[in-house]
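> My structure is below; once you've seen it, I'll send some questions.
The numbers here are math on the coordinates, done by the rules we state, and not lab data. Please read all numbers here as calculations on a predicted model, not as lab measurements. Methodologically, a virtual Cβ is constructed for each residue, glycine included, from the backbone with ideal geometry; neighbour enumeration extends over all protein chains shown.
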Amino acid sequence: MRNNDVLGIIFGNSHAERIQSLTSHRTMASVPFGGKYRLVDFNLSNMSNCGITDVGIIVDKNFFSLMDHVGSGKSWDLSRKNGGVHLLPPFIQSGEASGDTVIEKLYSIRRFLNDATDEYVLLADCDLVANVNYSDMIQQHIDKNADVTVLYINGLNSESRQDSVTFTTDTDERIVEFLVEPRAKAECNIAAGAILTSRKLLLEIVQECVNTNKLNYVRNIFQKDVNKYRFYGYKHEGYYSLISSIEEYFEANMDLLNRENRKELFNVHRPIYTKVRDDMPSRYGLGSSVKNSLVAQGCVIEGEVENSIISKGVRIGKGSKVKNCIVMQDTKIGENANLSYVICDKDVVIKDGRALCGYNSFPIYIPSEKVL
């Protein structure tokens with residue numbers, strides 16, 4: 001199979017309500033991560049690395065920052081005459097439902113799906129931070145003659161993922177049972193927000209759900225017809241993080257301070273790409289101290305930084321202490337400030353002498369452009 005027989009679809013605002021403070025003015029896809037990336041970078045890179053050259057990103061609101069970040073798709077080798085990356089606002093005709101379910105979003109872009117010539121469609125959310133080998137997933141789908149292949153990870157189901165989907169498989173990875181919103185906290189196979197199926201079958205499922213007004217495709221198709229279709233699971237091995245809450249977002253960023261996690265996530269053979277912002281190297285003042293932190297370019301640091309993620313253009317004044325924090329782009333922290341377990345969004349101003357202290361399970365969030 002040619003890799004360009006797969007059309008990529010990314011849901012740009014999937015599960016945005018889980019981290020509403022970060023997505024109130026941006027899509028889930030454009031939430032900053034790791035000091036220089038956005039959440040959409042991981043699936044765009046994963047798709048590009050396996051040869052998918054036609055990707056649509058479904059958006060509905062607050063997608064200006066996503067438009068600015070993705071642009072023509074050049075950073076992911078998706079700036080092409082044929083195919084490339086497309087932003088897909090919902091197209092709702094008079095009298096049609098305009099909800100936020102996956103089925104309704106896919107139905108609103110059915111013309112885009114119908115016009116495509118690809119045999120398969122890879123659907124992916126933006127809440128998974130992982131370096132996924134989609135090439136192996138596609139090959140497994142073909143080898144097993146699957147109708148639907150579901151990406152999954154094996155671990156403990158998070159209490160904050162109230163709409164999570166788990167399933168059991170036989171020894172051949174065929175799925176024999178789906179569970180929606182399971183209450184058990186035991187280790188299980190958790191669907192990781194990516195499925196591969198044929199474009200024809202996807203359109204049939206979408207049309208059937210709309211015709212019968214059953215818009216939850218997992219309950220009404222996957223659970224009901226688990227024996228009708230050939231469902232298979234593809235297990236992701238290696239580092240992963242599912243962003244289900246602001247606490248898990250904080251923890252996922254802190255995971256990058258571990259060398260082994262960085263090595264698995266930023267695989268040299270399958271790079272994670274992002275939009276490059278050229279800037280001068282970061283400068284460190286006399287008496288400054290930086291320990292176990294990731295610091296992007298263009299920063300000026302004159303205080304102390306420890307166990308923190310510092311994005312581009314951040315300024316930290318003399319005598320200030322920043323510990324266990326995520327500080328986003330162009331934030332300015334004055335002199336003699338003390339921050340611990342704090343998430344500062346973009347363009348925040350922290351005045352001299354301010355002290356803010358959260359906890360690892362309850363970090364303090366400061367919205368963008370706020371002055372404290």
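> How do the peptides 62-69, 8-15 rank, highest first, by the average count of neighbouring beta carbon atoms within 10 Å per residue?
Packing proxy ranking, top to bottom: 8-15, 62-69.
> For the stretch 290-372, place one equal point scatterer on every Cα, skip the solvent, and apply the Debye formula. What is log10 of I(q)/I(0) at q = 0.11, 0.13, 0.14 Å⁻¹?
-0.21, -0.30, -0.35
> For the stretch 216-372, what is the charge dipole size about the Cα centre, in debye to the nearest 20, if Lys and Arg each add +1 at the Cβ and Asp and Glu each add -1 at the Cβ?
400
> Let me ask something else about it. In debye to the nearest 20, how big a dipole does the stretch 2-52 give about its Cα centre with +1 on each Lys and Arg Cβ and -1 on each Asp and Glu Cβ?
120
> Now a separate question. Over the stretch 1-61, what per residue volume does the convex hull of the Cα atoms give, in whole Å³?
Convex hull of Cα atoms, per residue: 83 Å³.
> Quick one: Debye curve from the C-alpha atoms of the stretch 3-265, no solvent, what's log10 I(q)/I(0) at q = 0.10, 0.11 Å⁻¹?
Ignoring solvent entirely, the Cα scatterers give -0.47, -0.58.
> Output the 0 to 90 degree angle, nearest 10, between the alpha-carbon long axis of helix 134-143 and the longest principal axis computed from the alpha carbons of the chain.
10
> So, one more: Which entries of LYS105/LYS312; LYS74/LYS370; LYS105/LYS275; LYS74/LYS228 show an alpha-carbon separation above 31 angstrom in the structure shown?
LYS105/LYS312; LYS74/LYS370; LYS74/LYS228
> A follow-up question, please. Sorted by mean Cβ packing within 10 Å, highest first, what order do the peptides 273-286, 338-351 take?
The densest-packed peptide leads the list: 338-351, 273-286.
> So how tilted is helix 199-211 from the main axis of the chain? Cα-based, degrees 0 to 90, rounded to 10.
The angle comes out near 90 degrees.
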